[in-house]
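See below for the structure under consideration.
The values are calculated or read from the model by the stated rules, or taken from the named source; none is laboratory data. Quantities reported herein were computed from a predicted structural model and do not represent experimental measurements. Here Cβ is always computed from backbone atoms with ideal geometry, including for glycine, and neighbour counts include all displayed protein chains.
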Amino acid sequence: MSLKTWGMIALAGAVGVASAVPANAQSAQAIEHSGHTFHVAVCARHNAIGTARCFAHVVTDARGNPLNGKMNPNAVGAPSGYGPVDLRSAYKITTNGTATIAIVDSGGYSKAESDLGVYRSQYGLPACTTANGCFRKVNQSGGTSSYPRDDTGWSQESALDLDMASAMCPGCKLILVEANSATLANLAAAVRTAASLGATVISNSYGGSESGSTSYESAYNQPGRAVTVSTGDSGYGTQFPASSPHVIAVGGTSLVKASNARGWNETAWTSGGSGCSTTYAKPAFETDGLCTKRMEADVAAVGDPNTGVAVYGPASRSRSGWMVFGGTSVAAPLVGGIYGVTGHGPGDANNLWKNLGNAAAINDVTGGTNGTCGGTYYCSSQAGYDGPTGVGTPNGTSAF
């Protein structure tokens, strides 16, 4: 169901960026819109070379205030946005998994465990707490004290990531690894810590320029682990670490319920990332014809804020609440959750590419575009492989 049916203020015209400035003090980001839905990037869009930003977008009203941030957290009824039943239905996930999923983000999130508990309780998922051994929070060195200072935007990103991993793999254990800051050096250190703690899946919903990234690429080369990475939220254009040949680069789609055999339709999200690397060599498993270096994405899942997901997390610095989120930050932990269900740690996207064209394992996405690229598959969805959605979206677990 599109968010426009949940009483949002409509916009006439195509997807674009509005010129308004959000009233919400948490962010100075421009208000954007997808279809009829206003949304704001929770991390600053401009980041310096050697740093990354998160790719979460919170759905807002016309003034930039989180749409559901004013909801009573104890209100009766389901929150707006897709929940676990919707997402598992869309991607045909039927089992719960037992693997360990690490979420790597920047900054502290003091309410991570309690907010996660509200989300899981709302949807009838089993409790995931420190006490029962399901949840663990560490700093980038693996310690359980001296956490970074809370950052509202990155905390919202962490809430989104934890909730999406939970939605797809309710039986998985979760580790939140908090990097000291959003530098590529600190995030890479956090990824290495996640691996050292035994995570089968490491989810990363952030990215930055390829320039200066080669010093950190080896951190994402984790044989025996599935390292999922969001491709971005600025449309056509390469992002690191999604461009690493050792990760599973996850693009974004618009996901709408439909009266067809699958029950859903998907097209490429107009702002989801894709691109041909200028830095990293093409892995042997990639079979696309034009890009001579690493091509992204490998696979995709829902990312359009207009068809966003329900999240419980920090609506402001002082309180938590129900919100709706989009961005390829939704897609990376969602796909990570599917790897958690299977327990597989493939180390790269080889098996996904082997399933290119296999309708029993992959939903081919053939519509939508995320930019201008001379009409090529770099930014335009088509039958088979394309940049915005990769080989397609999950149809069960066999490709994972």
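Observations, loosely collected:
- Reported count of residues in segment 130-158, each being farther than 18 Å from SER205 by Cβ, buried (at least 16 other Cβ atoms within 10 Å of the Cβ) and basic (Lys, Arg), is 1.
- Candidates ALA360, ALA399: the one that is of a type in the set (A, V, I, L, M, F, W, C), under 24 Å from CYS169 (Cβ atoms) and without any contact (Cβ under 8 Å) to a residue 40 or more places away in the chain is ALA360.
- Among the conditions (1) touching a helix residue (DSSP H, G or I) at 6+ places or on another chain (Cβ under 9 Å); (2) farther than 20 Å from ASN139 by Cα; (3) of a type in the set (A, V, I, L, M), LEU187 misses just one, which is (2).
- Any hit, segment 228-244, residues being surrounded by fewer than 22 Cβ atoms within 10 Å (Cβ to Cβ), free of Cβ contacts under 8 Å to residues at least 60 places away in the same chain and of a type in the set (S, T, N, Q): no
For (1) within 18 Å of GLY343 (Cα to Cα); (2) assigned to a strand (DSSP E or B), each residue gets a yes or a no:
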site	(1), (2)
GLY153	no, no
GLY171	yes, no
ASN186	no, no
ARG192	no, no
SER203	yes, yes
GLU210	no, no
SER215	no, no
SER218	no, no
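- No other residue among TYR312, TYR385 is under 30 Å from GLU113 (Cβ atoms) and touching a residue at least 40 places away in the same chain (Cβ under 8 Å) apart from TYR312.
- Odd one out for TYR119 among (1) modelled with pLDDT of 95 or more; (2) over 24 Å from VAL250 (Cα atoms): (2)
- Filter pass, ALA242 being of a type in the set (A, V, I, L, M) and over 22 Å from CYS43 (Cα atoms): no
- The number of residues in segment 284-318 that are among the hydroxyl-bearing types (Ser, Thr, Tyr) and at pLDDT 95 or above comes to 4.
- Within segment 46-66, tally of residues that are modelled with pLDDT of 95 or more, part of a loop (DSSP other than H, G, I, E, B) and crowded, with 21+ Cβ neighbours inside 10 Å: 3
- Annotation note: Cβ proximity below 8 Å between a residue of segment 186-205 that is within 18 Å of LYS173 (Cβ to Cβ) and a residue that is in a helix (DSSP H, G or I) and among the charged types (D, E, K, R) (sequence gap 6+ or interchain) occurs for SER203/ASP161.
- Of note, SER274 satisfies the criterion of being modelled with pLDDT of 95 or more, hydroxyl-bearing (Ser, Thr, Tyr), closer than 22 Å to SER329 by Cβ and in contact with a Cys (Cβ under 7 Å, 6 or more places away or on another chain).
- Residues of segment 334-365 classified as hydrophobic (A, V, I, L, M, F, W, C), under 16 Å from LYS92 (Cβ atoms) and surrounded by 19 or more Cβ atoms within 10 Å (Cβ to Cβ), total: 8
- In summary, strands (runs of 3 or more DSSP E) completely within segment 290-400 and bearing 1 or more residues that are closer than 27 Å to SER106 by Cα and in contact with a His (Cβ under 7 Å, 6 or more places away or on another chain) occur at 320-326.
- Residue match in segment 131-148 (condition: in a loop (DSSP other than H, G, I, E, B), farther than 20 Å from GLY308 by Cα, among the β-branched types (Val, Ile, Thr) and modelled with pLDDT of 95 or more): yes
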